[in-house]
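The structure appears right after this line, and notes come after that.
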Amino acid sequence: MRKGNIVAGLDIGTSQVRLIVGELDPDGSVNIIGVGTSPSPGMKKGVIVDLDQTVEAINRAVSEAERMVGMSIDSTYVGLVGTQVNLINNRGVVAVTAEDKEIRDEDVERVLQATKVLALPSDREIIDIMPREFVVDGYDGIKDPVGMLGVRLEVDALIITGAITALRNLTRCVTRAELEIDGLILNAVASAEVILSSDERELGVCLVDIGAGTTEIAFFRQGTLQDLSVLPIGGDHITNDLSVGLRTTFDNAEELKIEHGYALSSMAFTEKKIQIKSIGRKEPHFISENDISQFIEPRVQELLQLVAKEIDKMSGGESPPAGVVFTGGVSLLNGLVEMAEGMFSTSVRISQPDYIGVQSPAYSTAVGLIRYIQRHGAVNVQKKPKARGVFQSLWIRVRNWFVELLD
Ligand SMILES: Nc1ncnc2c1ncn2[C@@H]1O[C@H](COP(=O)(O)OP(=O)(O)OP(=O)(O)O)[C@@H](O)[C@H]1O
Ligand SMILES: [Mg+2]
């Protein structure tokens, strides 16, 4: 096992912290060799509310993964929730400098730098620049201009900015857990690498990740991220409604939801066979799956209506041609797809990573971080980053800004 091929991805979620260790094969495949998870009580709605508890949760996940791979993990890529993030479209223009007018990495680097000229509020920082397309002497739609001939190089890019304090809290938790940060990647961009096909992303697709505390909605078209929105609602809210409705503890309600809950109560059994203990009631009593689902249905319906509204905004009122793809733990809820099919006028499916040990939609982000590096970064980007392609140089830059941010 060569350490240079080993990459770690850290997803700090509201319900769980997950650390995945992947071995990147030179043939382009990924082996998942380590998985560590730990409950995440220091997070609420995708935001760190308790630094110490989050550091502890990261430590626990790291130790578990380390035991599995039999080596120490000293650095990781980290998923970034879209809550504190803004997307800005900007253009950059430069003249090609070489005498032979061949576009080189340096020109791409300069034109991307040119997009950074923005009036940003003092509490925000650029965390990533994603080139959407390059334009060479007026010809648009170019994905990688290096090696082409031209006089004028333009780029149409998506600038991702983040709230400095939220980023500092995130990075502080990771560094306090004695992990070096290799880079920050938007959760949705990472998940997309695992759960969306490149055809879907080209055509126009919406990724909807429903976690415990957040629902991230990302719209992809022409191969790249176009828009991102985060609703501060998720599975915890369903559980809360259930726990209030049945007058039972949150943990009991969580179990009932997972074992017996349906998004559509019409799909659930009406026989009263499930024993529950309500607060303030001495004797346990029996309820049906249908009773449970009566509390779940309105909350899920409300959530999906909000998702539909966001999708409408993002796609300009047209349904995404390649449909809506659900992931995140809540996508496992029985009947969710059936309910969504009735509400969205496009195809709906659930997707999850297809690797042994992490075959659950709850692992999409963490596995996606590894896939992203496999596809867009050098195999040994962790230790020896080399500026070769657009994305690789982008990584190094992101790292550099990041280091600046930490100073
Ligand atoms: N089989 C299931 N049926 C219904 N809900 C489920 C099921 N399995 C998991 N969940 C719910 O999924 C949620 C956890 O999902 P996930 O692990 O994707 O969240 P997270 O990444 O920790 O949180 P977030 O992304 O919001 O920060 C919890 O609310 C949990 O109850
Ligand atoms: Mg999540």
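The values are calculated or read from the model by the stated rules, or taken from the named source; none is laboratory data. What you see is a predicted model; the values in this text were computed from it and never measured. Don't worry about glycine lacking a Cβ; one is built from the backbone with ideal geometry, like all the others, and counts go over all protein chains shown.
Tabulated results
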{"quantity": "Qualifying residue in segment 164-181 (condition: more than 13 Å from ligand 1 (Cβ to nearest atom), of a type in the set (Asp, Glu) and not assigned by TED's automatic domain parsing to the domain that holds residue 321)", "calculated": "yes"}
{"quantity": "Options 318, 297: the member that is within 14 Å of ligand 1 (Cβ to nearest atom) and either at pLDDT 95 or above or more than 26 Å from residue 68 (Cβ to Cβ) (or both)", "calculated": "297"}
{"quantity": "Enumeration of residues in segment 112-132 that are outside any strand (DSSP E or B), surrounded by 13 or more Cβ atoms within 10 Å (Cβ to Cβ) and of a type outside the set (Gly, Ala, Ser)", "calculated": "112, 113, 115, 116, 120"}
{"quantity": "Among the residues listed as 83, 115, the single one being within 16 Å of ligand 2 (Cβ to nearest atom), of a type in the set (Ser, Thr, Tyr) and in contact (Cβ under 8 Å) with a residue 24 or more places away in the chain", "calculated": "83"}
{"quantity": "Matching entry among 24, 80, 87 (being more than 14 Å from ligand 1 (Cβ to nearest atom), in contact with a Leu (Cβ under 6 Å, 6 or more places away or on another chain) and within 26 Å of residue 225 (Cβ to Cβ))", "calculated": "87"}
{"quantity": "Search result, residues across segment 39-54 that are surrounded by 20 or more Cβ atoms within 10 Å (Cβ to Cβ) and away from ligand 1 (no atom under 11 Å from the Cβ)", "calculated": "42, 54"}
{"quantity": "Breaking point among (1) more than 16 Å from ligand 2 (Cβ to nearest atom); (2) surrounded by 21 or more Cβ atoms within 10 Å (Cβ to Cβ); (3) within 27 Å of residue 228 (Cβ to Cβ), for residue 262", "calculated": "(3)"}
{"quantity": "Tally, over segment 162-179, of residues that are surrounded by fewer than 21 Cβ atoms within 10 Å (Cβ to Cβ) and assigned to a strand (DSSP E or B)", "calculated": "1"}
{"quantity": "Test: residue 141 is on the phi < 0 side of the Ramachandran plot and assigned to a strand (DSSP E or B)", "calculated": "no"}
{"quantity": "Checking residue 212 against (1) within 13 Å of ligand 1 (Cβ to nearest atom); (2) crowded, with 21+ Cβ neighbours inside 10 Å; (3) outside any loop (DSSP other than H, G, I, E, B), the condition it does not meet", "calculated": "(3)"}
{"quantity": "Residues of segment 218-259 classified as more than 16 Å from ligand 2 (Cβ to nearest atom) and assigned to a strand (DSSP E or B), total", "calculated": "7"}
{"quantity": "Filtered residues of segment 237-257 (kept if surrounded by fewer than 21 Cβ atoms within 10 Å (Cβ to Cβ) and in contact (Cβ under 8 Å) with a residue 60 or more places away in the chain)", "calculated": "237"}
{"quantity": "Filtered residue count, segment 1-33, keeping only those that are buried (at least 24 other Cβ atoms within 10 Å of the Cβ), of a type in the set (Gly, Ala, Ser) and more than 14 Å from ligand 2 (Cβ to nearest atom)", "calculated": "2"}
{"quantity": "Failed item, numbered, when residue 19 is tested on (1) within 16 Å of ligand 1 (Cβ to nearest atom); (2) closer than 19 Å to residue 356 by Cα; (3) free of Cβ contacts under 8 Å to residues at least 60 places away in the same chain", "calculated": "(3)"}
{"quantity": "Residues of segment 133-145 satisfying the condition of being buried (at least 17 other Cβ atoms within 10 Å of the Cβ) and touching a residue at least 40 places away in the same chain (Cβ under 8 Å)", "calculated": "145"}
{"quantity": "Qualifying position, being at pLDDT 95 or above, farther than 28 Å from residue 164 by Cα and within 16 Å of ligand 1 (Cβ to nearest atom), among 35, 96", "calculated": "35"}
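Residue-wise test of (1) outside the structural domain of residue 69 (by TED's automatic domain parsing); (2) surrounded by 21 or more Cβ atoms within 10 Å (Cβ to Cβ).
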| position | (1), (2) |
| --- | --- |
| 325 | yes, yes |
| 329 | yes, yes |
| 340 | yes, yes |
| 343 | yes, no |
| 361 | no, yes |
| 365 | no, yes |
| 368 | no, yes |
| 377 | no, yes |
